[in-house]
Every structure is written in structure tokens, then in C-alpha cells.
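Quick notes on the structure that follows.
The values are calculated or read from the model by the stated rules, or taken from the named source; none is laboratory data. Model, not experiment: these values are computed from the prediction. Backbone-built Cβ (ideal geometry, glycine too); neighbour counts: all protein chains shown. Side chains are part of the model used for accessible areas, which takes the heavy atoms of the whole protein and leaves out ligands, DNA and RNA. Shrake-Rupley method; radii C 1.70, N 1.55, O 1.52, S 1.80 Å.
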Amino acid sequence: MCGPDDSAALWVADPNPRAQAFYRKHGFVADGTVNVEDGVREIRMVRISSGRGSRSDNRMD
């Protein structure tokens with residue numbers, strides 16, 4: 001599981017405006033990468049880490 005400030009990527013069917021709007025609301029943007037498999041077109045959406053509060057910053061070495 002990733003936190004709200006972690007980088008992440010996902011694939012979403014296109015067109016699927018409700019799903020795409022949901023992910024945009026949570027900081028994801030389409031990066032222009034497209035995949036077509038079994039006749040289903042998908043776009044990749046990514047969220048770039050803000051660098052604040054990620055789990056890697058909270059390690060206690």
C-alpha cells in the first residue's frame with residue numbers, strides 16, 4: 001500500500017471518464033502512455049511524490 005505522498009502509477013480504461021476524474025482528484029495525471037490489449041485501450045496515470053512525509057523519510061536507521 002502507498003501513502004498519499006508516495007509516487008504511484010496505474011492503468012485505467014479509456015474512455016472511462018468517472019474513473020479518470022476520480023484519480024485526477026487524488027493527484028494523478030495521464031502521462032501519455034497508452035496500452036491496447038484484447039481490444040481494451042488503457043492509459044497510464046501517474047502521481048509524483050511530493051517528497052513530504054513519505055515512508056522512506058520516516059525510517060529509523
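At-a-glance table
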{"read-out": "Tally, over the range 1-23, of residues that are assigned to a helix (DSSP H, G or I) and touching a residue at least 12 places away in the same chain (Cβ under 8 Å)", "value": "2"}
{"read-out": "Selection from the range 16-32 of residues that are over 13 Å from ARG44 (Cβ atoms) and open to solvent by 70 Å² or more (accessible area, probe 1.4 Å)", "value": "PRO17, ARG18, PHE22, ARG24, LYS25, HIS26"}
{"read-out": "Residue in the range 42-57 that is modelled with the highest pLDDT, counting only those that are open to solvent by 100 Å² or more (accessible area, probe 1.4 Å) and more than 13 Å from the chain's Cα centre (by Cα)", "value": "ARG52"}
